[in-house]
Amino acid sequence: MFDIIKKLAQTFGPSGNEKKVAEVITGLIKDKVDDVKTDALGNLICVKKGAGKKIMLAAHMDEIGLIVSHIDEKGFLRFSNVGGVHPWGIVGKRVVFENGTTGIVWYEEDKDDIKNLKFDKMYIDIMAKSAQEAEKVVKVGDMAVFAGDTILQNGRVISKALDDRIGCAVLVQMALNAPETDNEIYYVFTTQEEVGLRGARTAAYGIVPDMALAVDVCMTGDIPNCKPMAVRMGDGPTVKIKDGSVISHPHVKDRLMDAAEKNGIPYQLEVMQHGGTDAGSIHVTAGGIPSGGVSIPSRYVHNVAEAVDMNDVENAVKLLEAFVK
Ligand code: CO
Ligand code: ZN
């Protein structure tokens with residue numbers, strides 16, 4: 001499964017530019033599902049037909065990144081954020097555009113002021129010697145993503161873009177396993193989650209499932225001096241109780257906990273104070289859809305390098321398979 005994770009995480013796909021990720025996923029699972037389609041917003045919807053309930057499983061394809069707002073006279077790229085990016089977290093980091101152009105992020109503020117750093121005091125240096133040279137390879141509106149390898153170390157994955165390629169990988173693995181069920185399973189790979197849970201809204205409206213789950217990452221409370229949270233990396237996938245965008249439907253939450261307990265799958269309960277997931281827009285679509293979530297506990301979410309535990313990833317697949325049966 002690590003190979004699938006690596007392939008997905010290394011594919012370019014900031015919000016609104018998820019096409020390559022959709023192509024990789026299509027290539028991996030098209031023979032294992034009955035129908036594959038893409039809607040107007042770019043959501044990739046793969047259906048395994050069945051006579052029972054319509055269950056939608058959503059993982060977002062987009063990753064955080066930067067967008068070029070203008071190119072200054074010296075050839076430095078000025079930018080804004082795509083999704084939740086901390087200015088102080090990206091200083092000195094390497095970014096890469098879709099065409100392979102690589103840049104280094106830096107800033108022009110006084111060092112003492114770095115905690116107040118704003119994007120308008122920052123730039124990307126792509127080694128262009130003039131604006132004209134820069135404009136030959138990058139234009140206003142182009143997006144860059146963070147660069148970094150995907151590695152497995154001590155049973156844990158370190159990589160860029162695990163939010164939410166790890167969720168995509170879980171759904172891909174599940175589609176490949178093809179769990180036996182009468183229910184109709186919609187593996188939905190959504191767009192533009194990081195800029196406001198947008199793709200999932202139209203996808204859910206198009207499907208009108210009987211219930212839905214967002215499969216995404218959640219924060220943990222197991223690193224030094226962090227906000228307290230009852231989730232630890234390696235202790236199992238989580239059953240979402242709430243996040244900043246949704247309170248899980250009691251029936252969905254209970255069904256998940258039942259599935260975990262009956263099958264001896266470790267799980268944790270997730271109350272995430274900040275941040276939303278696709279469940280946030282799905283549950284208020286089409287007259288209301290009972291929704292919840294399964295998350296992979298992840299350290300350093302929305303940073304250049306994020307981390308997950310492979311046991312949690314594999315148990316998330318098991319939990320979802322038990323849930324849809
Ligand atoms: Co995110
Ligand atoms: Zn996410």
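Tabulated data
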{"read-out": "Extension gain, Ala286 back to Arg94 (0.36 nm per residue minus Cα-Cα distance, nm)", "value": "65.0 nm"}
{"read-out": "Whole-Å distance, taken between Cα centres, linking region 219-233 and region 136-194", "value": "23"}
{"read-out": "Simple label model, 7 Å out from Cα along Cβ direction - Glu73 to Thr26, nm", "value": "4.6"}
{"read-out": "Nearby aspartates and glutamates by direct alpha-carbon distance to Lys53 (threshold 14 angstrom, same-chain neighbours under 8 apart not counted)", "value": "Glu180, Asp182, Glu184, Asp210"}
{"read-out": "Hydrodynamic radius (Kirkwood) for region 249-325, which is based on Cα pairs only, to one decimal in Å", "value": "13.9"}
{"read-out": "Net charge over other residues, Cβ less than 13 angstrom from the Cβ of His283 (K, R count +1; D, E count -1)", "value": "+1"}
{"read-out": "Evaluated over the chain, the Cα radius of gyration and Dmax, each in Å", "value": "19.8, 64"}
{"read-out": "Reachable lysines, given that their alpha-carbon falls under 18 Å from the alpha-carbon of Lys37 and they are not under 8 places away in the same chain", "value": "Lys19, Lys20, Lys48, Lys49, Lys54"}
{"read-out": "MRE, 222 nm, helices only [DSSP H, n ≥ 4, -39500 (n - 2.57), over the chain, to nearest 500]", "value": "-7500 deg cm²/dmol"}
{"read-out": "By accessible area with a 1.4 Å probe, ligands and nucleic acids excluded, highest first: order of Lys37, Lys48, Lys19", "value": "Lys19, Lys37, Lys48"}
{"read-out": "Accessible area in square angstrom per residue, the chain, 1.4 angstrom probe", "value": "43"}
{"read-out": "Close Lys-Lys pairs in region 66-146, where close means Cα under 24 Å and separation is 8 or more or interchain", "value": "20"}
{"read-out": "Surface share of carbon and sulfur [accessible, 1.4 angstrom probe, percent] for the chain", "value": "50"}
{"read-out": "Rounded accessible area of His86 (nearest 10 Å², 1.4 Å probe)", "value": "70"}
{"read-out": "Radius 14 Å from Cβ of Glu270, net charge of other residues (Lys, Arg +1; Asp, Glu -1)", "value": "0"}
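The values are calculated or read from the model by the stated rules, or taken from the named source; none is laboratory data. It should be emphasised that the depicted structure is a prediction, and the values quoted were computed from it without experimental measurement. Note that each Cβ is placed from the backbone with ideal geometry, even for glycine, and that neighbours are counted across all protein chains shown. Just so you know, the surface numbers come from the protein's heavy atoms only, side chains and all, with ligands and any DNA or RNA stripped out. Shrake-Rupley method; radii C 1.70, N 1.55, O 1.52, S 1.80 Å.
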